[in-house]
1. Filter region 9-24 for residues that are farther than 17 Å from Ile92 by Cβ, modelled with pLDDT under 85 and of a type in the set (A, V, I, L, M, F, W, C) and give the result.
2. Taking the options Ile31, Ile58, Ile92, name whichever one is exposed (fewer than 13 other Cβ atoms within 10 Å of the Cβ), at pLDDT 90 or above and β-branched (Val, Ile, Thr).
3. When you go through Ala49, Ala18, Ala32 one by one, which is the residue that is of a type outside the set (Phe, Trp, Tyr) and more than 19 Å from Tyr82 (Cα to Cα)?
4. Can you name every residue in region 1-19 that is in a helix (DSSP H, G or I) and exposed (fewer than 13 other Cβ atoms within 10 Å of the Cβ)?
5. When region 73-89 is examined, which residues are found to be crowded, with 16+ Cβ neighbours inside 10 Å and not polar (S, T, N, Q)?
6. Looking at region 14-54, which of its residues are closer than 19 Å to Arg107 by Cβ, in contact with a helix residue (DSSP H, G or I) (Cβ under 9 Å, 6 or more places away or on another chain) and not hydrophobic (A, V, I, L, M, F, W, C)?
7. Quick one: Phe52 ticks every box in (1) farther than 26 Å from Thr6 by Cβ; (2) of a type in the set (A, V, I, L, M, F, W, C); (3) under 12 Å from the mean Cα position of the chain (by Cα); (4) surrounded by 15 or more Cβ atoms within 10 Å (Cβ to Cβ) except a single one, so which number is it?
Amino acid sequence: MQKSTTIKVLRASCHASALVSWSVVSIGLPIAVLLLNDDPFVKDSAKEAINFQITMIILTAIAGALFVSVLGIPLALLMFAYIGIASLIFPIIAIVSVCADPEKTYRYPLTVRLIKPSMPDRIATTSL
């Protein structure tokens, strides 16, 4: 495989791991890619995928705690719906985005970034 194809596959697999939610693969694969690869775009995708998984875990814990209280059940149901939809839609959009434009970073919306991204949101290009 060419280097650019390998980079696309690694970036897409980091985001695709989120589709296997609630297994070791969902957060283990991006951690392994982050530690074993030196490409800045791949590292950035791995960090973003890890942040997304951490955010989904935090939201699930909050929704679970709200579900226990009687008054929080409607809000918890809304949060569970958001988690379910976001866990399916956002990774698919990320996979398409990183495969379509390999020099563009993808940021998940409404994600807590505990691990700071190493790349800017867009690569700055100057044209005269």
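The values are calculated or read from the model by the stated rules, or taken from the named source; none is laboratory data. Keep in mind the model is a prediction, meaning the values are calculated, not measured. Here the Cβ positions follow ideal geometry from the backbone for every residue, glycine too, while neighbour counts run over all protein chains shown.
1. Across region 9-24, the qualifying residues are Trp22, Val24.
2. Values: Ile31 fails: exposed (fewer than 13 other Cβ atoms within 10 Å of the Cβ); Ile92 fails: exposed (fewer than 13 other Cβ atoms within 10 Å of the Cβ).
Of Ile31, Ile58, Ile92, the one residue that is exposed (fewer than 13 other Cβ atoms within 10 Å of the Cβ), at pLDDT 90 or above and β-branched (Val, Ile, Thr) is Ile58.
3. Ala32
4. Correct list: Lys3, Ser4, Thr5.
5. Within region 73-89, the first condition is being crowded, with 16+ Cβ neighbours inside 10 Å, and the residues that meet it are 76, 79-80, 83, 86-87.
Across region 73-89, the qualifying residues are Ala76, Met79, Phe80, Ile83, Ala86.
6. His15, Ser17, Ser26, Pro30, Asp39, Lys43, Asp44, Ser45, Lys47, Glu48, Gln53
7. Failed condition: (1).
Per-residue answers, yes or no, for (1) outside any helix (DSSP H, G or I); (2) farther than 22 Å from Val9 by Cα; (3) touching a residue at least 60 places away in the same chain (Cβ under 8 Å):
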| residue | (1), (2), (3) |
| --- | --- |
| Lys43 | no, no, yes |
| Lys47 | no, no, yes |
| Ala65 | no, yes, no |
| Tyr82 | no, yes, no |
| Ser87 | no, no, yes |
| Arg113 | yes, yes, yes |
